[in-house]
Structure formats: structure tokens, C-alpha cells
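A.B. asks: Sharing a structure below in C-alpha cells format, with a few things to ask.
The values are calculated or read from the model by the stated rules, or taken from the named source; none is laboratory data. The shown structure was predicted, so the numbers you read here are calculated from the model rather than taken from an experiment. Cβ: placed from backbone, ideal geometry, glycine included. Neighbour counts: every protein chain shown.
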Amino acid sequence: MVHKWKTPEEIQFQKKRKEKLLFLATSLLSILLGTALLTNKGW
């Protein structure tokens, strides 16, 4: 296995992508949780 060094730009890009994915996942999860709670209450 050949190890390829990552440039600072690549590391920054991966960091930004991770943050975006985390933000999307949390917002999606909260939306799903909210709708589940509302449908359980019968609203």
C-alpha cells in the first residue's frame, strides 16, 4: 500500500465537507424527530 501525503488544501476540503455533512445530518435528524413527535401526538 502506497501512502500518499495530503496537501493542506485537501485536508481543509475534507474538514469542510465533514462539517457540511454533520450539519445536514443533524438538521435532517431533528426534522424527522420533530415530525415523529407531532404525528404521535395526533396533531
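A.B. asks: Just a yes or no: is a residue in region 1-13 charged (D, E, K, R), surrounded by fewer than 10 Cβ atoms within 10 Å (Cβ to Cβ) and in a loop (DSSP other than H, G, I, E, B)?
C.D. replies: Yes, because at least one residue in region 1-13 is charged (D, E, K, R), surrounded by fewer than 10 Cβ atoms within 10 Å (Cβ to Cβ) and in a loop (DSSP other than H, G, I, E, B).
A.B. asks: Right, next: For E19, indicate whether it is at pLDDT 95 or above and either aromatic (F, W, Y) or loosely packed, with under 10 Cβ neighbours inside 10 Å (or both).
C.D. replies: No; evaluated as a whole, the condition is false for this residue.
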